[in-house]
Amino acid sequence: MAGGSVYTAALMEHNSHPECKYELEDYTHEREGVNPSCGDEMVLRLRLSDDGSTIEEAAFTGSGCAVSQASADIMAELICGMPVADAKRLAGLFFRMVQGDELTEEEQDELDEAYELESISRMPARVKCAELGWRTLDSLI
């Protein structure tokens, strides 16, 4: 679906029915993220394994545009159960993608649904919206 409208079926579904937008009670890590240019804001909470190597659960709360909310939900769903190092690497792939870098087919597959946000790279005003959750994650881990 890359290359088309930013408002893909995945984005609209994750915005309308987010699976990871809730108050995570037993979190081990928390970070607030704000996009001052448009007012999007979120709080990302993670529960890491006892040894800190794996993201057992990820959830967020907050408000903002469809792009920021859906991107955060896609990200949170994708990183659940993932080693922290892999989540950090995926954040780097996402940043490269929305900045307009070409990703290999393998990298696209790794991003899974997040790759559907590839068209954001051609909408500079929306890049910060899409990156909010990912930047918050990157600064948290």
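Every number here is computed from the coordinates shown, using simple stated rules; none is lab data. Because the structure is a prediction, the values reported are computed rather than measured. No Cβ is skipped: glycine too gets one built from the backbone with ideal geometry, and neighbour counts run over all protein chains shown.
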- Message: Being buried (at least 17 other Cβ atoms within 10 Å of the Cβ) and either within 13 Å of Ala76 (Cβ to Cβ) or touching an Asp or Glu at 6+ places or on another chain (Cβ under 6 Å) (or both) is the filter here; which residues of region 30-42 pass it?
- Response: Arg31, Gly33, Met42
- Message: Among the residues in region 88-107, are any polar (S, T, N, Q) and either out of contact with any Phe, Trp or Tyr (no Cβ under 8 Å at 6 or more places or on another chain) or on the phi > 0 side of the Ramachandran plot (or both)?
- Response: yes
- Message: Any residue in region 27-38 that is under 15 Å from Ser71 (Cβ atoms) and in contact (Cβ under 8 Å) with a residue 40 or more places away in the chain sitting within a Cβ distance under 6 Å of a residue that is in a strand (DSSP E or B) and not acidic (Asp, Glu)? List the pairs, counting only those 6 or more apart or interchain.
- Response: Gly33/Met42
